[in-house]
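S.K.: This is the structure I want to talk about, given as C-alpha cells.
The values are calculated or read from the model by the stated rules, or taken from the named source; none is laboratory data. Only a predicted model underlies this, so the values are computations on that prediction, with no experimental measurement involved. Here the Cβ positions follow ideal geometry from the backbone for every residue, glycine too, while neighbour counts run over all protein chains shown. The protein model used for the area step is the full one, side chains on, heavy atoms only, and it has no ligands, DNA or RNA in it. Shrake-Rupley method; radii C 1.70, N 1.55, O 1.52, S 1.80 Å.
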Amino acid sequence: MKSPLLSLPGAVPAEGVDEGVAAHYGELFREQRALADGTGFVDLSHRGVVTVTGSDRLSWLHLLITQHVSELPAGRATEALILSANGHIEHHLSLVDDGETTWAHVEPGTQDALIAYLESMKFFYRVEVADRTDEFAVVHLPAGSIAAVPEGAAVRETAYGRDLFLPRTDLETFAASHGPAAGLLAYEALRVEAHRPRLGFETDHRTIPHELGWIGSAVHLEKGCYRGQETVARVQNLGKPPRRLVFLHLDGSEVHLPVPGTSLHLASEGADGRKLGFITTAVRHHELGPIALALVKRNVPLDAGLVAGDTAAAQEVVVEP
C-alpha cells in the first residue's frame, strides 16, 4: 500500500519489505537529529494493523502470546511474540488496549498469516479479529515530542516514543500539522542505536527469544502455558541460547555498509576464517557513524575484534553470553 506522504518534497521510496513509505526526504542526518530531539514524525503506514474486540479479548490473547495481558490496563503499551511449537519466533506484536479494542501493529505483510492463526484459535471465545490495515495507518512520534495527538486515536506510548493508529484518510492532514517528516532510515538508525531487534531483520526461521533480549520486554516468564513455552522455560532454566545479539561499531572509512547476511569472522583470521555470525541490520548514524546489529555464536569472546567482509567491527554486548 503506497503512502500518500510519498508526495512530500524530497521523498525517496523505501525498498523491500518497507516499500510503500519514504526511506528519507532528502536529508538523512537532519531527519535523525530531529527525531533524536523529539520533533517530527515517521510514516509507518506500511505496517499491518490488527484489532481484537469482544469481552474475552485479553484473556484469550493471554493464552496465545508470550506476554501477560489478561489484566492489561487500558492505555498501557506492551509487546508480545507468537512462537512455533518449537519455540521459534513467528510473529511480533506491538500492542495496546483502549478499554474496548486491542490494537496491534505488525511487520508489513505478516498480518494475513497472523490473523489466520488467531482465527484458528477462537473456538468458543467471544472475540472478533479484524485486519484494519486498509482503514488505519501507524505514525510514530519520537520520545520527547510535545505534538498533540489527534482526538480519538489509539496510542502506544513507550520509552522510544508514541505510535498512533490514525484513520488512513487523515494522514496528509496529520503530516501538514506535525512535520517535518522523517524517513524510515532515520527511524531505523535510532532503532539500531537502542539495540531494538526487528522481526525479519534480526530473526530467521530458528530464532528464539533469548537470543535477542526479548525475555522480559516481550516474553513474560511467570504466565501460564502458550505454544512454545517449553522451549522458553528450558533455555531459561537449564541452558543458554546458541546465538546472541550484538551491537557493532563499524569502520567508518568504508564507503559501503555491509549488507544483511554478511558473514562475521575473527579479525585475526580474516574472511577465510570460521563464520561466527552475520550482520542483520547496518545503518549510518548521525553521531556514531556506521553501526550495526548482528547475531553471533554465544561463545564468541566479548573482546574479540571482528570483520564483516572487509569492514572491521567492534562489539558491544546486548545479550550476555
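S.K.: If a residue has to be surrounded by 15 or more Cβ atoms within 10 Å (Cβ to Cβ) and over 16 Å from D134 (Cα atoms) to count, how many in the stretch 161-178 make the cut?
M.R.: 6
S.K.: Just to be sure before I move on: is T53 surrounded by fewer than 21 Cβ atoms within 10 Å (Cβ to Cβ) and farther than 28 Å from E202 by Cα in the structure I sent?
M.R.: It is true that T53 is surrounded by fewer than 21 Cβ atoms within 10 Å (Cβ to Cβ) and farther than 28 Å from E202 by Cα.
S.K.: While we're looking at this one, here's another question. Identify, by number, the condition in (1) open to solvent by less than 30 Å² (accessible area, probe 1.4 Å); (2) on the phi < 0 side of the Ramachandran plot that R284 doesn't meet.
M.R.: For R284, the exception is condition (1).
S.K.: While we're on this one: Just the residues that are within 24 Å of the chain's Cα centre (by Cα) and of a type outside the set (K, R), please, taken from the stretch 233-255.
M.R.: The answer is A233, V235, Q236, P241, P242, L245, V246, F247, L248, H249, L250.
S.K.: Testing G213 on (1) touching a helix residue (DSSP H, G or I) at 6+ places or on another chain (Cβ under 9 Å); (2) of a type in the set (G, A, S); (3) crowded, with 17+ Cβ neighbours inside 10 Å, one condition comes back false. Which one is that?
M.R.: (1)
S.K.: Only one of these is touching a residue at least 12 places away in the same chain (Cβ under 8 Å), within 20 Å of the chain's Cα centre (by Cα) and open to solvent by 10 Å² or more (accessible area, probe 1.4 Å): E157, E230, E202. Name it.
M.R.: Going through E157, E230, E202 in turn, the sole match is E157.
S.K.: Name the residue, out of V21, V69, that is within 19 Å of L114 (Cα to Cα) and in contact (Cβ under 8 Å) with a residue 12 or more places away in the chain.
M.R.: It is V69.
S.K.: Would you mind telling me which numbered condition in (1) buried (at least 18 other Cβ atoms within 10 Å of the Cβ); (2) outside any helix (DSSP H, G or I) E151 fails?
M.R.: (1)
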